[in-house]
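First the structure, in the form of structure tokens, and then the observations on it.
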Amino acid sequence: MRQGRIPQEKIDEILEMVDIVEIVGAHVVLKKAGGSYTGLCPFHDEKTPSFHVSPQKRIFKCFGCGVGGNAIRFKMRLENKGFPQVVRELADRTGVVLDGLDRTEIGLLYKLHEVAARFFERKLAHSEEAQQYLKSRGLSERMIKAYNLGYAPDSWDGLLNEIKKEIGFVEPEVLEKSGLVSSNERGKIYDRFRDRVIFPIHDLHQRVIAFGGRVLTDAKPKYLNSPDTPLFDKGAVLYNLERAKVSKEVLVVEGYMDVLSLNSNGYPNAVAPLGTGFTHNHVSLLEKYFEKVVLLFDGDEAGSRATLRALERFIDSSLVVRALRLPDGLDPQDYLEQFGASSLRELVENAPVAIRFFCDDVLRRYPLDERRTKKQAYVTLRDFFQNLNQVLLVGDDGMNEPELIHYLSTAFAVEESIIRKEFFLNYQGNRAALPGVGVLKSSNEMDALEAKLLEVMVLAARSKDYRSEFFQCFSRHHIQGSCAKELLGFLEDGEEANLDQWLHDAGEELQEALSSLSWGDKIEQNKSLDDYKVEMKELKIKILQSVLLSITKDLSNPALEAEQRNHLEVERMRVISERNELLSS
């Protein structure tokens, strides 16, 4: 097929349907910044993001190298493919029919789901039992229609007959691949969904790609979802994301009914996983569209376990994560019925941060009024914090180490110094520091990160090799604190370090800091160059996490102007990218 044979209106339709953020995001780590997305350009080397994607304009543009265009141009350039091939791939992806090829598999699968959705929606009007169930769950006619809810009749071939009437003959292999039918051991196919309330599942373009069904009897399973198909990967799709993505904050709940109940009560920004646990793909989806996540699972034991499993997935994310347990084992709908929307809103607004949620859960499971369970709680939390992924502690902007120490010392009725020593032996100060770092205190309470940075800088004075490794690892923008910046000036001057001259020329604050460091001993200590490189990498990660925490706090200021916010978002993306690159190396 030559380019000229593809009608322009078909190309326009493809560009209208395709999600350029999704296309680019398959190759570039993108972060939302205002109404657009930013990332590191895939077409040239850069350390600061200058690559932008605009979902509204459906274009990408790199302000570093000048490359830009639409989704077709992006795939052509990055994947080194011709125009016709890319157009055909995107047509298959979006379900756009080219040159009358309405029987292409992807296009046919979309069509099958479209027919099924209309069929189920129409059949709802003929099932009083299904209508009564939805109304008993507090759903209005408006909500039922808005979400295209339906009913699958108690028939083995109701949908199959509808497909035959609307489309004609469809190969059994394609029908099975659609996930709309099942087959027995003899190979006979039949409707997968029978006598169930139906919840259509949409992609980000509002196209139906799967279904979920709930029984109206005691039959098992209670909920049945479409299997994975070429259109649907349950581990990478969230129910209602196509509607919720316009917000900056999202509620993650357990199922369809939770989403619908919350929407009915003023929370259109709720999403739910589909028949699977929370996955890293789900986290990536949320990172693409949101800044803050509140986990709102049921208040029973199963809900608590699901919340903790979900929290594990968020450890290395850039999201601010909070978690909420509803009282008395209630689910969101039950809570709304008993206490109302304003009460739930207050709970959501005051939801504890992830770390606090974990602590509360441990203390709930192991009551402190009995010696045995109190010891279990103490050991569980001590081991957790001693082995905690440092990204989680520093990345969460709602509860820092001093707050945690005060909270835990109060809970266990012990001195804060004991908690600090036993729980946080790997951390010092008000930010997580590296193992073995002491807190240097001068007149202005120098923080632990700067103290460790000074140690590393002093070690760089040992030889040209150490100095070279230091400057390969750290740039000037990594150096924070007046003492560290002053010492950097000494390191940058000349090839040979004159340590006595440094001490003589240093300001009073730096002199005090160097004296506290026992810096002469540091120079002479037997630390290999490889150990030094590892130490610098760990320190750099901590510095980047500290910067990320500061940026996140700045972004929480509602008075920020749009230009300031966009600048911070871009900087946040740069820091996350640099940090994640170090973590994975």
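Between Leu159, Leu180, Leu149, Leu109, which is crowded, with 16+ Cβ neighbours inside 10 Å and more than 34 Å from the chain's Cα centre (by Cα)? Explain how you work it out, then say what you get.
Numbers: Leu180 fails: more than 34 Å from the chain's Cα centre (by Cα); Leu149 fails: more than 34 Å from the chain's Cα centre (by Cα); Leu109 fails: more than 34 Å from the chain's Cα centre (by Cα).
Just one listed residue meets the conditions, Leu159.
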Mind listing just one residue for me: the one in region 343-363 that is β-branched (Val, Ile, Thr) and touching a helix residue (DSSP H, G or I) at 6+ places or on another chain (Cβ under 8 Å) and, of those, nearest to Leu381 (Cα to Cα)? Val362
Take region 159-169 and flag every residue that is closer than 19 Å to Val208 by Cα and outside any helix (DSSP H, G or I). Ile167
Condition set basic (Lys, Arg) and surrounded by 14 or more Cβ atoms within 10 Å (Cβ to Cβ), scope region 538-585, selection farthest from Val456 (Cα to Cα): answer is Arg565
Odd one out for Leu224 among (1) surrounded by fewer than 21 Cβ atoms within 10 Å (Cβ to Cβ); (2) part of a loop (DSSP other than H, G, I, E, B); (3) among the aliphatic types (A, V, I, L, M): (2)
Residue ID - nearest to Ser226 (Cα to Cα), chosen from residues in region 162-173 that are crowded, with 16+ Cβ neighbours inside 10 Å and among the aliphatic types (A, V, I, L, M): Ile163
Name the residue, out of Phe211, Phe232, that is more than 24 Å from the chain's Cα centre (by Cα) and among the hydrophobic types (A, V, I, L, M, F, W, C). Phe211
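For residues that are of a type outside the set (A, V, I, L, M, F, W, C) and without any contact (Cβ under 8 Å) to a residue 40 or more places away in the chain, scanning just region 238-266, find the one that is surrounded by the most Cβ atoms within 10 Å (Cβ to Cβ).
Looking only at region 238-266, we keep the residues that are of a type outside the set (A, V, I, L, M, F, W, C), and these are 239-240, 242-243, 245, 247-249, 254-256, 258, 261, 263-266.
Okay, now just the ones that are also without any contact (Cβ under 8 Å) to a residue 40 or more places away in the chain, so 240, 243, 255.
Values: Asn240: 25, Arg243: 19, Gly255: 21.
Only one residue fits best here, namely Asn240.
Is it the case, given these coordinates, that Val28 is closer than 28 Å to Ile201 by Cβ, surrounded by 18 or more Cβ atoms within 10 Å (Cβ to Cβ) and of a type in the set (A, V, I, L, M)? Show your work before the answer.
On the way: closer than 28 Å to Ile201 by Cβ: yes; surrounded by 18 or more Cβ atoms within 10 Å (Cβ to Cβ): yes; of a type in the set (A, V, I, L, M): yes.
Answer is yes for this residue.
Computed from the coordinates by the stated procedures, all read-outs in this text should not be read as laboratory data. Keep in mind it's a predicted model, so treat the numbers as computed, not measured. Neighbour counts are summed over all protein chains in view; Cβ atoms, including those assigned to glycine, are modelled from backbone coordinates with ideal geometry.
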